[in-house]
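To keep things clear, I will list the structure first and then write my remarks on it.
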Amino acid sequence: MEWQEIVYKLLKNKISLIGLVIIIVLGLIAIFAPWIAPPQNPDQPYYIPRAGWGNEPKPPSREHIFGTAEGQYDIFYGIIWGSRTAFIIGFTVVGISSLIGIILGTISAYYGGWIDEIIMRVTDIFMSIPFTIAAIVMTTILGRGLGNIMIALITFNWMSTARLMRSQVLSIKNEEFVQAARALGANDFRIIFKHIIVNTIFPVLIQASMNMGSIVITASTLSFLGIGTPEGYADWGQMISYARNWILGTQGNALKYWFTVLIPGTAITLFCLSWNLIGDAFRDILDPKMQS
Amino acid sequence: MFSYIVRRILILPIILLGVTLLIFSMIMSLSPYERVSAYVKDPAQLKGGVAQLDALIEKHGLNDPWYQQYGRWLGNAVRGDFGWSESAGAPVTQAIRERFAATFEITLFALLPVILGGVLLGIFAAVHHNDPWDHISRILSIIGWSFPTFVFGLIVLMIFYGVLGWFPPGRLDNWALSIVNSPEFTNYTGLYVLDSILNLNFPVLLNALRHLVAPVFSISILWWAFLMRITRSSMLETLQKEYIRTARSKGLKERTLIYKHAVRNALIPVVTVSGQMVIGLMGGLVVVESIFDIRGMGKFLADAAQQLDYAGVLGGAIYFGFILIIINLIVDVSYALIDPRIRLE
């Protein structure tokens with residue numbers, strides 16, 4: 001299937017169109033963050049400004065349209081700049097770990113033998129520590145900070161791409177067009193990049209799109225547990241961790257602090273939802289078995 | 001079949017060794033001063049200041065070459081000694097032994113509804129392919145799959161405890177806890193549900209169940225959505241197979257066709273992803289136990305991480321990894337039992 005056809009079908013599919021629209025809106029918010037929520041301190045725009053030092057969250061008002069969280073962090077500012085954090089984490093982690101997975105999976109399948117055996121056993125080992133738990137361990141050791149979170153997530157996120165890519169390459173490496181290229185004297189490098197990867201990349205892209213959501217969820221889970229981004233950093237998971245102490249409201253008004261959890265919760269859910277919608281539609285379009 | 005299982009079991013030590021090496025290399029990226037905390041049970045031990053620390057580092061050989069340290073660490077680990085956990089105030093192994101039952105209980109109660117509900121909904125959606133029902137369940141499953149467990153758990157806590165007061169956090173109310181800790185109550189397993197049945201104490205049983213609802217529900221929703229999706233697409237694929245068409249054309253009843261012929265084959269991919277589901281469930285446990293204040297392995301890991309209790313975090317990770325390896329082995333073997341094609345590889 002050609003690129004143009006896939007894009008056309010993605011745009012025609014209502015479900016993926018919704019996903020695409022949400023992503024574009026969030027993307028625009030991230031790009032124009034400095035204009036939507038001008039930072040008070042331009043050197044450190046990712047740190048949320050505080051409106052005072054009181055502990056109790058304040059409900060939405062004219063100055064703070066989404067209210068303030070525990071410690072008077074402005075929720076609106078955190079949401080706007082948090083979208084940047086989400087995109088940075090998503091693109092960096094999914095991009096780099098997919099690349100690692102593509103390279104290792106391709107080498108493993110293309111050369112086979114003991115190279116395959118070693119790469120696959122290393123993959124098994126990395127998969128033997130549950131993903132979230134491995135990320136917790138590594139961020140604990142590296143310390144808090146956006147860069148450290150991303151390193152931890154990349155370290156334990158490349159394996160499923162490697163396995164997928166390996167099975168993809170295995171299924172096509174003996175096809176006639178690859179043999180023809182080899183007979184024509186193409187070297188391994190050219191065969192892998194020009195013929196094999198181009199013909200096996202789509203399932204990896206579907207996986208990457210589904211991965212965007214779950215990576216951002218894991219990253220914000222780390223912040224939620226208090227071991228992710230530093231205190232006061234514009235990050236949706238962090239904003240929700242500020243809601244933890246207030247979740248039960250006050251006597252007689254259990255929902256008093258609803259905004260502290262529902263507003264950042266909506267942002268992160270919408271982000272993941274849109275990537276999953278796109279990935280889902282993408283899969284339906286590319287899977288020939290689903291065409292009839 | 002036999003050789004497949006043997007091969008699978010022979011790989012096991014390599015994987016285990018690899019996991020310990022991986023975790024050990026993470027430990028080694030810490031300085032000896034940070035690593036020595038696993039040997040300090042009492043702050044009074046540190047009265048001597050840096051000199052005291054250096055003595056401790058020397059005593060435990062934390063400046064030795066890495067392979068010597070790895071050998072010693074592995075020897076201790078095999079004996080179940082992972083050092084002192086500062087956050088739990090106990091040795092890591094003891095802390096985990098005390099907390100294992102709570103985690104096991106949640107997992108046990110989550111698995112059945114998740115598997116049954118997810119699979120049944122998936123079959124239902126596939127049988128009604130392209131009906132409104134199919135679309136509704138599909139959209140619900142995508143939304144469920146996009147909902148972070150920690151957001152969902154907090155909302156459940158807010159509504160079902162804050163507003164309605166139905167499902168309180170913790171494992172038991174105080175009155176039930178005092179019964180459980182009293183000498184008349186025998187703790188056979190540490191699973192309060194099972195123990196209260198064995199002790200014939202039904203108020204405690206009801207209380208334990210009541211405390212399980214919210215965490216189990218919060219952890220399940222994601223995997224419910226996940227299994228539904230997998231079952232649906234696998235079922236759709238199976239329903240297009242030729243043997244189904246043949247069975248239909250010879251006049252088989254639709255019910256028999258679906259439940260006898262299609263479902264069995266459609267469930268094979270569901271078994272494959274169950275390993276992935278276990279990985280996710282373990283991550284979810286960390287979040288859910290923290291939110292609902294349940295003293296389990298997940299909360300232990302989260303607390304240890306927050307307090308930079310390295311021994312606790314690494315010991316916890318090894319235990320989780322060990323359980324995962326065993327579960328993966330079970331999944332692979334049962335996969336080979338179900339699908340004869342695997343055995344021939």
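Annotations for the structure displayed:
- Of the residues making up segment B:135-155, those that are open to solvent by 10 Å² or more (accessible area, probe 1.4 Å) and hydroxyl-bearing (Ser, Thr, Tyr) number 2.
- Some residue of segment A:270-277 being more than 9 Å from chain B (Cβ to nearest Cβ), modelled with pLDDT of 80 or more and surrounded by fewer than 24 Cβ atoms within 10 Å (Cβ to Cβ): no
- The one condition in (1) open to solvent by less than 70 Å² (accessible area, probe 1.4 Å); (2) free of Cβ contacts under 8 Å to residues at least 60 places away in the same chain; (3) part of a helix (DSSP H, G or I) that residue B:5 fails to fulfil: (2)
- Restricted to helices (runs of 4 or more DSSP H) entirely inside segment A:58-177, those with at least 1 residues that are among the small types (Gly, Ala, Ser) and open to solvent by 10 Å² or more (accessible area, probe 1.4 Å) are A:75-111, A:113-127, A:146-155, A:159-172.
- Flag: residue B:300 does not match the condition of being under 23 Å from residue B:112 (Cβ atoms) and crowded, with 22+ Cβ neighbours inside 10 Å.
- Where a residue in segment A:112-133 is more than 7 Å from every other protein chain (Cβ to nearest Cβ) and its partner, wherever it lies, is part of a helix (DSSP H, G or I) and not aliphatic (A, V, I, L, M), with Cβ under 6 Å and at least six apart: A:116/A:108; A:119/A:108
- Neighbours by Cβ (under 7 Å, 6+ apart or cross-chain): first from segment A:157-178, on the phi < 0 side of the Ramachandran plot; second surrounded by fewer than 16 Cβ atoms within 10 Å (Cβ to Cβ): A:172/A:199; A:178/A:172
- Considering (1) loosely packed, with under 15 Cβ neighbours inside 10 Å; (2) free of Cβ contacts under 8 Å to residues at least 60 places away in the same chain, the lone condition that residue B:197 does not fulfil carries the number (1).
- Note on segment A:210-252: among residues that are more than 18 Å from the chain's Cα centre (by Cα) and charged (D, E, K, R), the one that is most open to solvent (accessible area, probe 1.4 Å) is A:231.
- Residues located in segment B:97-123, provided they are under 15 Å from the mean Cα position of the chain (by Cα) and of a type in the set (A, V, I, L, M): B:101, B:102, B:106, B:108, B:110, B:111, B:112, B:114, B:115
- Looking across segment B:157-182, the residues that are more than 10 Å from every other protein chain (Cβ to nearest Cβ) and in contact (Cβ under 8 Å) with a residue 60 or more places away in the chain come down to B:170, B:171.
- For segment B:63-165, the helices (runs of 4 or more DSSP H) that sit wholly inside it and include 3 or more residues that are under 26 Å from residue B:25 (Cβ atoms) are B:66-78, B:92-127.
- Residues (more than 10 Å from every other protein chain (Cβ to nearest Cβ) and among the aliphatic types (A, V, I, L, M)) located in segment A:216-246: A:219, A:234, A:239
The values are calculated or read from the model by the stated rules, or taken from the named source; none is laboratory data. All figures in this text were calculated on a predicted structure; none of them were measured in a lab. With ideal geometry, Cβ positions are generated from the backbone for all residues, glycine too; neighbour counts draw on all protein chains shown. Heavy atoms of the whole protein, side chains included, go into the accessibility calculation; ligands, DNA and RNA do not. Shrake-Rupley method; radii C 1.70, N 1.55, O 1.52, S 1.80 Å.
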